[in-house]
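The structure appears below as structure tokens.
The values are calculated or read from the model by the stated rules, or taken from the named source; none is laboratory data. Predicted model only: the values in this text are computed from it and were never measured. Cβ placement follows ideal geometry from the backbone for every residue including glycine, while neighbour counts extend to all protein chains displayed. Accessible surface areas use protein heavy atoms only, side chains included; no ligands, DNA or RNA. Shrake-Rupley method; radii C 1.70, N 1.55, O 1.52, S 1.80 Å.
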Amino acid sequence: MAEPEVEISASAEPDVEMALAGAEEEAVDGENGDIGGPFVEDDVERPNPQTVFLEYLRSPIVELMVGSGDEATLLTAHKALITQSPYFAEKLADHSEGTRRLDLPKESLDAVGCFLQYQYTGEYFPRRIASNPDGLEADPSVPPVDDTGAQLLKHARVYTLAEKLGMPELKTLAHSKIHRINSTAVGEIAYARYVYGNTPSTDDTIRKPVAAFWATRSHVLRHEAEQEFRQMCLEFPQFGFDVLSLVLDQREKRSAARDEETPVKGSSRKRMRPSVHI
């Protein structure tokens, strides 16, 4: 699949439009019937959602010990809900009897809490606002502008946890919320550091928008967080390479476009060779 083009602006005003792969899928009407014929309703008996949910609640309770040391916290959840995750289904396959308990020492408590909230309700806080495609519900516990990256990291951790648990819908939901956060350059660097430190190099879904954001606005944001930007490039050379590649690709495209508009005879030039005397 061809990668989307990234427009590198010469001014500081435009922001990056970050494509959300599959984040806003439209619902499809499930109409049946032959072309030109009457609507035919199938005879398949569908389960009552309330009955299905009650069956989930009748399943055994599983204990999840999240974190380690003094930060360890015990959470509980119904087995039938969390085993919708292939990861938990495999882990609990041999826990048919006795205490059902899993240790998650390296996971974020907030991210696991968001996963459980999503399993029980189909969303997690802060929820997306139907009337505002680019907004999230207000969270009075955080500032309106993310100056530290904490709000970005919240959803990034849900994203990486969803990847580990094999929950693609939750992964898409978390990714869509990342791009609804109003953040500063310092916050964006903290987010970029987490992404490049915790996702595989093949994950263009989350990495490419990060590189595109900095390629488009680095001439402004670099001065707002120059030391952090420099440290990020030294710590994660792949980040610096990705940003530079996008900048150079767009420069080549602009140069090619100008050449097509104003063709010049004999425009090809050879690099001068320095004379070497042996």
Long pairs among LYS171/LYS253; LYS79/LYS154; LYS91/LYS164; LYS106/LYS154; LYS79/LYS171, criterion Cα-Cα beyond 23 Å
LYS171/LYS253; LYS79/LYS154
Run the accessible area of the range 144-194 with a 1.4 Å probe and give the carbon-and-sulfur part as a rounded percent.
55 percent
For the range 135-211, averaging the sequence separation of alpha carbon pairs under 8 Å that lie six or more residues apart and dividing by its residue count, the contact order in percent is 37 percent
With the 8 Å Cα cutoff and a minimum separation of six or more residues, the range 49-88 has a relative contact order in percent of 37 percent
Where labels lie 7 Å past Cα in the beta-carbon direction, separation of ASP259 and SER131 in nm:
5.4 nm
Got a number for carbon plus sulfur as a percent of the range 44-91's accessible area, 1.4 Å probe?
53 percent
Net lengthening on full extension, GLU90/ALA138 (0.36 nm per residue, minus Cα-Cα)
13.6 nm
Note, GLY187: beta-carbon cut-off 12 Å, +1 each Lys/Arg, -1 each Asp/Glu, net -3
THR76 versus ARG58, label points 7 Å from Cα toward the beta carbon: distance in nm?
2.0 nm
